[in-house]
Amino acid sequence: MRDDAPNSWEARADAHSFYGFTDLPTIEDRGAVVLTHGEGPYVFDVHGRKYLDANSGLWNMVAGFDHPGLAEAAKAQYDRFPGYHAFFGRMSDQTVMLSEKLIEVSPYDTGKVFYTNSGSEANDTMVKMLWFLSGSEGQPQRRKIITRKNAYHGVTAVSASMTGKPYNSVFGLPLDGFIHLTCPHFWREGLPGETEEQFTARMAQELEDVIATEGADTIAGFFAEPVMGAGGVIPPSKGYFQAIHKVLKKHNIPLISDEVICGFGRTGAVWGCETYDFIPDAIISSKNLTAGYFPMGAVILGPELTARLQAASEAIEEFPHGFTASGHPVGCAVALKAIDVILNEGLIDNVRALTPKFEAGMARLLENPNIGEARGKGLMGALEAVADKATKTPFAGDLSVSERIANTCTDHGLICRPLGQAVVLCPAFIMTEPQMDEMFEKLELALKKVFAEVA
Ligand SMILES: *Cc1c(COP(=O)(O)O)cnc(C)c1O
C-alpha cells in the first residue's frame with residue numbers, strides 16, 4: 001500500500017491528472033511513477049530511481065531518451081521557424097523535404113504524404129480519404145472498413161471503431177460499418193488439427209465470405225498492422241498477407257498497412273510490409289517517425305490512391321481536411337533527423353544484430369511452465385502467461401497476472417507492459433547487449449516470483 005505524503009508527486013498526480021489506459025487498482029496501491037528524465041534506454045523518477053524501459057516509452061523512443069542529434073535538430077528548427085501550418089497552399093521547407101524523404105524510403109516510386117499529429121488521426125484521415133473517394137467516384141455506399149479483432153488503430157471515434165478491442169464498447173463503439181475479422185493468431189485461434197497453412201486459408205476464406213455477405217461495393221478499405229502491436233505483439237500466420245491481399249485485389253479493395261509501430265525498423269526492415277513481402281496501397285506512420293521526439297503522424301499514399309485523391313480534390317477544388325499543426329516545421333525537422341538516425345546511424349542495423357539475442361532470450365523464458373507462447377518479430381515480442389501450458393488456459397482474470405509481473409518488474413527497475421495476460425517487450429533500437437541481458441534477467445526474476453505466488 002502506498003504511504004506517500006499528501007503533497008508528494010504521486011498524490012499531486014492523482015489530484016489533477018486524469019489517467020488514461022492505466023490500471024487504477026495499481027495506482028491506488030502504488031501511485032503513479034512520475035518521471036524526470038532519461039539516459040539512453042533508461043528513465044529516472046522523482047525519487048531518483050532508475051528504470052530500464054523495455055518498451056521504449058510507448059514503442060516510439062527508439063533512439064533513447066537523450067539523443068543529442070534529435071534534440072539539436074528540434075532546437076535549430078525552433079530557432080529558425082518554430083511553427084506553421086500546411087493550409088492555403090503554404091507549408092514549411094522542412095515539410096516539403098520530409099515528404100520527399102518519406103516517398104524515397106517508401107515502397108513507392110511516386111506518391112504523396114499528408115500529415116497529422118498522431119497515429120489515430122492518420123488512420124482517421126485515411127478513412128476520410130477513402131470515404132471522400134467513394135462519394136467522388138459515384139459509389140457513396142462504399143463506406144465499410146474491415147479490420148481484425150485485437151487490432152489497434154487508435155482512439156479517436158473512427159480509429160477506435162477500427163480497433164478490435166472489447167473495451168471500446170464502454171463508448172458505444174464501434175460505429176456502424178466497422179467489421180472485425182478473426183485475429184490471425186495461429187497459436188490462439190487455430191483449430192485442433194489445423195495446420196498453419198490451413199489456418200491462413202481459413203482467414204482468407206473468412207474475408208471472402210464477409211465481402212460476399214456485405215457486398216464488395218460497400219467496402220472502402222482493409223486496414224492491418226503487419227505485426228499487431230497493442231493487441232499483444234501478434235505476427236500474422238504464415239502467408240497471411242499474400243492470401244488476404246489476393247482476395248482484396250480481386251474485389252478492388254485497398255489494403256492499408258498501419259505501420260505506426262512496425263514502420264522505421266521495428267521488425268528489422270524499414271517497413272513491416274517489407275518484412276512480410278507485400279505492397280499496400282497506403283502506409284500509416286507515426287511513433288518511430290520522430291523517434292518519439294515530436295507528436296506526428298503521416299498518411300503515405302501510393303501512386304494509385306494519390307492519383308485518385310488528386311482527381312477527387314480537383315473536382316471540388318480542394319481536399320477539405322487538415323490539422324492546425326499538420327506538417328509542423330519542427331516535427332518535420334525532427335522526423336528528417338530521426339529517419340536519418342534510424343537508417344544511417346546504425347539503429348536499424350542494431351535491430352537486426354540484436355534480434356537473434358532477443359529471440360534467444362524469449363525462447364529461454366518460454367521454458368517456464370507458465371509461459372505458453374513467446375512470439376514476436378525483430379525487436380518486438382510478447383510472452384503469454386498461462387495457468388496450464390498444455391491446454392493454453394489463461395490465469396483467472398482476477399489474479400491480474402500480467403499487472404503483477406509488470407509491477408514486480410517496476411520494483412526491480414524494469415519497465416515492461418502488461419497486455420491481456422501477456423508481457424510486452426519492445427526495447428529501444430540503441431539497446432546494447434548488456435542492457436538486453438539486464439532486461440531478461442530482471443524479467444525472469446519477476447516471472448519466477450509472480451508464478452510462485454499464483455501458480
Ligand atoms: C499507437 C498506434 C496508433 C495510434 O497512434 P496515436 O499516436 O496513439 O494516436 C495507431 N496504430 C497503431 C498500430 C499504433 O500502435
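The values are calculated or read from the model by the stated rules, or taken from the named source; none is laboratory data. Predicted, not measured: the structure shown is a model, and the values here were computed from it. We place every Cβ from the backbone using ideal geometry, glycine too, and count neighbours over all the protein chains shown. Surface accessibility is based on the protein's heavy atoms, side chains included, excluding ligands, DNA and RNA. Shrake-Rupley method; radii C 1.70, N 1.55, O 1.52, S 1.80 Å.
Is there a residue being without any contact (Cβ under 8 Å) to a residue 12 or more places away in the chain and of a type in the set (D, E, K, R) anywhere in segment 273-292? Taking every residue of segment 273-292 in turn, none turns out to be without any contact (Cβ under 8 Å) to a residue 12 or more places away in the chain and of a type in the set (D, E, K, R).
Take the conditions out of contact with any His (no Cβ under 7 Å at 6 or more places or on another chain), open to solvent by 10 Å² or more (accessible area, probe 1.4 Å) and more than 18 Å from Ile339 (Cα to Cα) and apply them to Lys249. Does it pass? Against the criterion (out of contact with any His (no Cβ under 7 Å at 6 or more places or on another chain), open to solvent by 10 Å² or more (accessible area, probe 1.4 Å) and more than 18 Å from Ile339 (Cα to Cα)), Lys249 qualifies. Those helices (runs of 4 or more DSSP H) of segment 155-252 in which at least 1 residues are β-branched (Val, Ile, Thr) and away from the ligand (no atom under 16 Å from the Cβ), considering only elements entirely within it, cover 196-214, 240-250. In this structure, does Ala325 turn out to be assigned to a strand (DSSP E or B) and of a type in the set (A, V, I, L, M)? So Ala325 does not fit the description; no.
Pairs are defined by a Cβ separation below 6 Å, a sequence spacing of at least 6 or placement on different chains, a first member in segment 97-121 that is closer than 28 Å to Ala160 by Cα, and a second member that is among the β-branched types (Val, Ile, Thr) and away from the ligand (no atom under 16 Å from the Cβ); the pairs so defined are Ser99/Val113; Leu102/Val113; Pro107/Ile279; Gly111/Ile103; Gly111/Thr306; Lys112/Thr306.
What number of residues within segment 356-376 satisfy the criterion of being in a helix (DSSP H, G or I) and open to solvent by 30 Å² or more (accessible area, probe 1.4 Å)? Steps first, please.
Keep residues of segment 356-376 that are in a helix (DSSP H, G or I), which gives 356-366.
Remaining after also requiring open to solvent by 30 Å² or more (accessible area, probe 1.4 Å): 356-357, 359-360, 363-364, 366.
Residues flagged as in a helix (DSSP H, G or I) and open to solvent by 30 Å² or more (accessible area, probe 1.4 Å) within segment 356-376 amount to 7.
For Gln141, the conditions (1) buried (at least 18 other Cβ atoms within 10 Å of the Cβ); (2) in a loop (DSSP other than H, G, I, E, B); (3) not small (Gly, Ala, Ser) all hold with the exception of (1).
Residue count for segment 341-355 satisfying the condition of being farther than 18 Å from Lys377 by Cα and either open to solvent by 50 Å² or more (accessible area, probe 1.4 Å) or free of Cβ contacts under 8 Å to residues at least 24 places away in the same chain (or both): 3.
Residues in segment 268-296 that are more than 11 Å from the ligand (Cβ to nearest atom), open to solvent by 10 Å² or more (accessible area, probe 1.4 Å) and not hydrophobic (A, V, I, L, M, F, W, C): Gly268, Glu274, Thr275, Tyr276, Asp277, Asp281, Tyr293. Taking the condition touching a residue at least 60 places away in the same chain (Cβ under 8 Å) and either over 16 Å from Thr290 (Cα atoms) or open to solvent by 70 Å² or more (accessible area, probe 1.4 Å) (or both), does His67 pass? For His67, the condition - touching a residue at least 60 places away in the same chain (Cβ under 8 Å) and either over 16 Å from Thr290 (Cα atoms) or open to solvent by 70 Å² or more (accessible area, probe 1.4 Å) (or both) - is not met. All conditions but one from (1) closer than 22 Å to Leu58 by Cα; (2) open to solvent by 30 Å² or more (accessible area, probe 1.4 Å) apply to Ala151; the one that does not is (2).
Any chance segment 320-337 includes a residue that's over 16 Å from Gly69 (Cβ atoms) and among the hydrophobic types (A, V, I, L, M, F, W, C)?
yes
Look at Val127 and say whether it is within 16 Å of the ligand (Cβ to nearest atom), within 20 Å of Ile244 (Cα to Cα) and out of contact with any Lys or Arg (no Cβ under 8 Å at 6 or more places or on another chain). When the stated conditions are applied, Val127 passes them. Assessment of segment 19-35 against the conditions (over 15 Å from Asp411 (Cβ atoms) and assigned to a strand (DSSP E or B)) yields at least one matching residue.
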